[in-house]
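Q: Submitted below is the structure of interest, expressed as structure tokens.
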Amino acid sequence: LKFIRSKGFVVLEKNWRSNHGEIDLIARDGEVLVFIEVKTRTGKALGNPEEFVTPLKIEHMYAMAEMYIHQKHYEGEIRFDVIGIWRESSDLQTLRLRYFQDAFFPDWGVE
């Protein structure tokens, strides 16, 4: 949360749940509503944390975002971001973080 707030975001929801799963963070970045997936790993031996955001997870995030937007009667711009967090094997005390703005895009209404 500290990282997101340091970027000027206003956190609206943490661990927001629906019948499709959970969105880790929902925030406002200025006028944009941002749905954020946070992936944490103890190391990168099996790959970068953000690589574990699967197509199924993305599909579920779209469904949850639609529900949230409908529930809140939101009509503005939205965005999907991802944060990858891991510990370096040489320094288990220090967390590393990578932030991906506009990590993926819904194709709602696109034919």
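Q: Taking the residues in region 22-47 that are open to solvent by 30 Å² or more (accessible area, probe 1.4 Å) and at pLDDT 85 or above as candidates, determine which candidate is farthest from E66 (Cα to Cα).
A: Quick first cut of region 22-47, residues open to solvent by 30 Å² or more (accessible area, probe 1.4 Å) only: 22, 28-31, 38-42, 44-46.
Of the ones still in play, those that are also at pLDDT 85 or above are 22, 28-31, 38-39.
Working: E22: 13, R28: 16, D29: 18, G30: 20, E31: 17, V38: 19, K39: 22 Å.
The selected residue is K39.
Q: Could you grab the pairs with beta carbons closer than 9 Å, sequence gap of 6+ or different chains, first residue in region 86-111 and closer than 19 Å to I4 by Cβ and at pLDDT 70 or above, second one open to solvent by 90 Å² or more (accessible area, probe 1.4 Å) and β-branched (V, I, T)?
A: W86/T42
Q: Now for a different question. Scanning region 12-21 for residues that are more than 12 Å from the chain's Cα centre (by Cα) and in a strand (DSSP E or B), which turns out modelled with the highest pLDDT? Spell out the reasoning first.
A: Going through region 12-21, the residues more than 12 Å from the chain's Cα centre (by Cα) turn out to be 12, 17-21.
Cutting the leftovers down to in a strand (DSSP E or B) gives us 12, 17-18, 21.
Values: L12: 97, R17: 93, S18: 85, G21: 86.
Residue satisfying both the conditions and the ranking: L12.
Q: Which pairs do you get when a residue that is touching a residue at least 24 places away in the same chain (Cβ under 8 Å) and farther than 21 Å from Q101 by Cβ, found in region 62-85, comes within reach of a residue that is of a type outside the set (A, V, I, L, M) and open to solvent by less than 100 Å² (accessible area, probe 1.4 Å), reach meaning Cβ atoms under 8 angstrom, with the pair 6+ apart or on two chains?
A: A63/S18; A63/H20; M67/S18; M67/H20
The values are calculated or read from the model by the stated rules, or taken from the named source; none is laboratory data. As the structure is a prediction and not an experimental result, all values here were calculated from the model. All Cβ positions, even for glycine, are placed from backbone atoms using ideal geometry, and neighbour counts span all protein chains on display. Note: areas computed on protein heavy atoms with side chains; ligands, DNA, RNA excluded. Shrake-Rupley method; radii C 1.70, N 1.55, O 1.52, S 1.80 Å.
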